[in-house]
Amino acid sequence: MTISKHEASRAGPLASSHQDPVKDLIGTMGLTPEQRHLVERICAQWVRVEDILETAAGPREPIGELLVKSGRITRPQLDLALAEQRQGREKLGEILVRKCWLTEPELGALLAFQERLGTAGVQHAGPLQLGNLLVSAGKITFEQLQDGIRRQRGSKKRIGEALVEAGYTSEEQVAQGLSLQRVLVSAALAALLLLSLTPGKARAMTSAKSAQMRVSATVSAYVKLDVLQQQQSLTITPQDIQRGYVDVSTGTSLRTRTNDRNGFLVNFDSRSNVFERVSVTGIGRTVEIGSGGGAVRAAYSGPESVAQLSYRFYLAQGVQSGNYPWPLQISGSVSY
């Protein structure tokens, strides 16, 4: 496909300017296969600048340190810019833009990201928050995280300390989670700068004869799932055990954004051993997933759609009645 540069800037995330550099950065982090799978699964949901801003987590850091962490500038470049800043009245960001080491759109996106760092609470409880990372990695359950947050309130303890004190995790796992958080913040910064760079280049080209300047670009397929509403627990009664299954009519409300007309995969990761299989209705035809989880191929139904998922959990042998954490975690991925 041959398109003008102006058209390329509006076509969506470019594989040549977004996916590969971020993957290259992840490849230098020395992650285990399990950690890399988790990191790539989170990164795959970054479609727009706003998606990345929503993930901001970790301690507040100066702009220069964030740029070095993302690989956008080198440490010697930062030292040189800081030396100039001390000699004049310019802000660091202004110096970097003047030196063409950073564009104005990149600076704006970076300042928005920095503003969200160091904040806590539900306003910015994104996937890079330590507690959510521990849940995604299978180290703690969602219910344990909620209890840890309750314990944290009214005290000066960090969420990791509260979770360790409650016996839900260990100091080693918290340290691993913080390390993973730093990796993801670096990847988020790299993706943020690359995505924000495209509109800046497009504006710079408005006075050029774009019809005479042509480039080839491959639009990268993406999918992003947002869980709008999710059942928090699965209640099993003696009658359910006698019947052999539990029906949940409105278990999940799921919003999908994608540009892939070939469809995409909805991944179901099992977080419990209370069921031996589950029937899922709401993603096209009814499908069955085993106790170890699985993936369902969903057909393309437009750039944005909302689905209501219903479940029938066929109970495992020996399960007892009671209230259990919701046994499935949902994520999306492009189908190649």
Original post:
Say each of ILE330 and GLU304 gets a label point 7 Å from the Cα, pointing the same way as Cα to Cβ; how far apart are those two points in nm?
Top reply: 1.7 nm
**OP:** Take ARG182, ARG285 and order them by how many other Cβ atoms sit within 10 Å, fewest up front.
**Re:** ARG285, ARG182
Subject >> Per-residue ³J(HN,Hα) for region 275-281, Karplus 6.51 cos²θ - 1.76 cosθ + 1.60, θ = phi - 60°, Hz, x for Gly and Pro >> reply: 10, 9, 6, 9, 9, 10, 10
Original post:
Of the peptides 99-106, 80-87, how do they stack up when ordered by the mean number of other Cβ atoms within 10 Å, highest first?
Top reply: 99-106, 80-87
**OP:** Once you have the Cα-Cα distance between GLN77 and LEU111, take 0.36 nm times their residue separation minus that, and quote the gain in nm to one decimal.
**Re:** 10.3 nm
**OP:** Pop a pseudo-label 7 angstrom from the Cα along the beta-carbon direction at both SER291 and GLN146 and give the gap in nm to one decimal.
**Re:** 2.6 nm
Original post:
How far apart, in nm, are the 7 Å Cα→Cβ label points at THR281 and GLU61?
Top reply: 4.9 nm
**OP:** Counting only C-alpha contacts under 8 Å and six or more residues apart, can you give the relative contact order of region 223-334 as a whole percent?
**Re:** 42 percent
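Given a cut-off of 32 Å, name the pairs among LYS91/LYS224; LYS91/LYS156; LYS157/LYS224; LYS69/LYS224; LYS156/LYS224 whose C-alpha atoms lie farther apart than that in the structure shown.
In this structure, LYS91/LYS224; LYS91/LYS156; LYS157/LYS224; LYS156/LYS224 lie more than 32 Å apart at Cα.
All of the numbers you see were taken from the coordinates with simple rules; none came from a lab. A quick note: this is a predicted structure, and the numbers were derived from the prediction, not measured. No Cβ is skipped: glycine too gets one built from the backbone with ideal geometry, and neighbour counts run over all protein chains shown.
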